[in-house]
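Here, each number is a calculation from the coordinates, and none is a lab measurement. For clarity, every value in this text was computed on a predicted model and none was experimentally measured. Glycine gets a Cβ as well: all are built from the backbone with ideal geometry, and neighbour counts include every protein chain shown.
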Amino acid sequence: MRLLLFCIFLYLVGAIQAANITNTTTDDSFKAPSFTTRTIWTIISSSVLTIFACVYSAIHPNIPSPKDRLRHILRRRLGIMITTFMAPEMIVIWAMRQCLSARQVTRQFKDVGYPSIRPGQQSEERKLTLYEQTCHLLALLATGVLSVLVSPWRFPCALVRWIKAFFSKESEYSLEDYTWTQTHSFFVLMGGFMLYVDGEPYLTLRPDYILKLIGEGCIDVPILTARQIQDKSKGNMISKGLVMLQMAWFLMQLITRVIYHLEITQLEVGTLAFAFLNFLIYALWWHKPLNVQCPHPVYWKSTESMPESHIHDIDEREKLDHFGIFGPIFHPVLELIGSSAIPTSLKLRVPTFDGSIHLKPLHRAVLTHSGFVMAIIFGGIHCMAWCFAFPSYQEQLLWRISAIAITCAPLVVFYAWMAVRQAKRLTFPKHILYSIYIIYMTLYITVRVVLLVLMFTTLRSLSPDAYKAVSWTSLVPHL
């Protein structure tokens, strides 16, 4: 509600300012639209607010450990924000991996008939034929494309459902649905179910842990509805829709500038790249709860054994200490690919970029290729400023080199990865692979910093057209 009131306030202020500085036109205004004069502060504030929505508001972190202090939670959140700022395509891969894992977990729990799971009942996974795998791949791609296209309509639909529920005479509690949904799967993947032994938090339950312990009669079936899970969330469809509305407005005003041949700044091009990937993140994480702080308790009821006798891979030790100062660089990637070099469980929470769910080969192929495509698109958007006006030739050359670097680097890595996969008999020393990865990440971060700096330094010398804006765009609600 506070976010909604803040957005309304900013909209009213912008509308009043637009009304005061709108330039009047002749009677042919329907042919030649009226323009307003925007300031350098307007350009920076609209872009920075959009980037902030991409870097902060779109992130759906996992549930922290009950023993984590506030500084640990903030430090982890800051690390995710820095990763989003420097390599947003990695967050898209994380969201895509969680979405694919959630689909897999949803099917797994529906196969066993949740919530009517009986002890000793196990899900059987049937091996798909080549034809079934092809159909499943096409259905997966179609679902992903449709989810992105439908995302802008989810906000008005959520608003309509809220109004309908407000005037409905039937209580929402009488419509509770206890079936396992995509929201349940996201909740368990982010560490939503905590095993308690003797009244103390003992272990974060992964999906396979839950089914295994229920099958062995060690815990009761955790009964939780999607509505109860969303009640723990700090965001809803309306708050998510407001952020998407800001991104839609930003994209709309860029399109109007192209139509009326008004200059676009390099900062707006960089912001467009963030907004594009952020739109995908929201589409993938639409059903994931936001900023849940406390997991749902599941109590150990067996008096004859302890969890260690049923779960054998509980490990609290960090296995990447030998990376030293490069640990923060290697952790996200190794977590995303589900490497055995990291613990699959941190006991009281799941890793940030958790990759413990073993995806099917088909899903892994989709994830890998989609990740490279997203990285190429992100870099390609920066190439849109190839022929823009720059304060100096050196800055223009630096922008072009950096844009080409972040666009082509994923292609080089992709072909190198394919070559290594084809040469399965060849073995490469790990230290060589790690050195190549460190060099690649160093160069990538360097060119990203260069582009971020140039986005702001090029604002010092703008043409008069850069300060013009189509007047009606300021009347559209935005931050």
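Where Lys and Arg each count +1 and Asp and Glu each count -1, what net charge lies around GLY379 among other residues with Cβ under 15 Å from its Cβ? If you can, show how the numbers build up before the last one.
Working: positive: ARG400, ARG448; negative: GLU89.
Its environment carries a net charge of +1.
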Once Lys and Arg are counted +1 and Asp and Glu -1 for all other residues with Cβ under 15 Å from that of VAL450, the total becomes +1
How many nm separate the modelled label positions at SER392 and CYS408, each set 7 Å beyond the Cα in the direction of the Cβ? 2.5 nm
First measure r as the distance between the Cβ atoms of THR179 and HIS358, then evaluate 1/(1 + (r/R0)^6) with R0 = 22 Å and state the FRET efficiency to the nearest 0.05. 0.35
One finds, for LYS234 and LEU443 with R0 = 35 angstrom and r their Cβ-Cβ distance, a FRET efficiency to the nearest 0.05 of 0.40
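Roughly speaking, what is the stretch gain from ILE436 to MET252, that is 0.36 nm per residue apart minus the C-alpha to C-alpha distance, in nm to one decimal? Don't skip to the end; give the middle numbers.
Numbers: separation 184, 0.36 × 184 = 66.24 nm, distance 4.09 nm.
That works out to 62.2 nm of additional length.
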Please turn the phi angles of the range 295-307 into ³J(HN,Hα) values with the Karplus equation 6.51 cos²θ - 1.76 cosθ + 1.60 (θ = phi - 60°), one per residue in order, whole Hz, x for glycine and proline. x, 7, x, 10, 9, 6, 10, 6, 9, 9, 8, 10, x
Nearest-0.05 FRET efficiency for ARG107 and ILE401 at R0 = 45 Å, using Cβ-Cβ distance, is 0.45
Please list the non-local residues whose amide H lies under 5 Å from the amide H of VAL298, H modeled 1.01 Å from N, same-chain partners needing a gap of 5 or more. MET194, LEU195, TYR196
Residues meeting the amide H criterion for GLY235 (H placed from the backbone, H to H distance under 5 Å, 5 or more places apart or on another chain) are LEU290
Residue by residue through the range 262-279, the couplings from Karplus 6.51 cos²θ - 1.76 cosθ + 1.60 with θ = phi - 60°, in Hz, x for Gly and Pro, are 9, 5, 10, 7, 5, 5, 6, 5, x, 5, 4, 5, 5, 5, 5, 5, 5, 4
Can you tell me the length gained on complete extension of the stretch ARG227 to GLU304, counting 0.36 nm per residue apart and subtracting the Cα distance? 24.2 nm
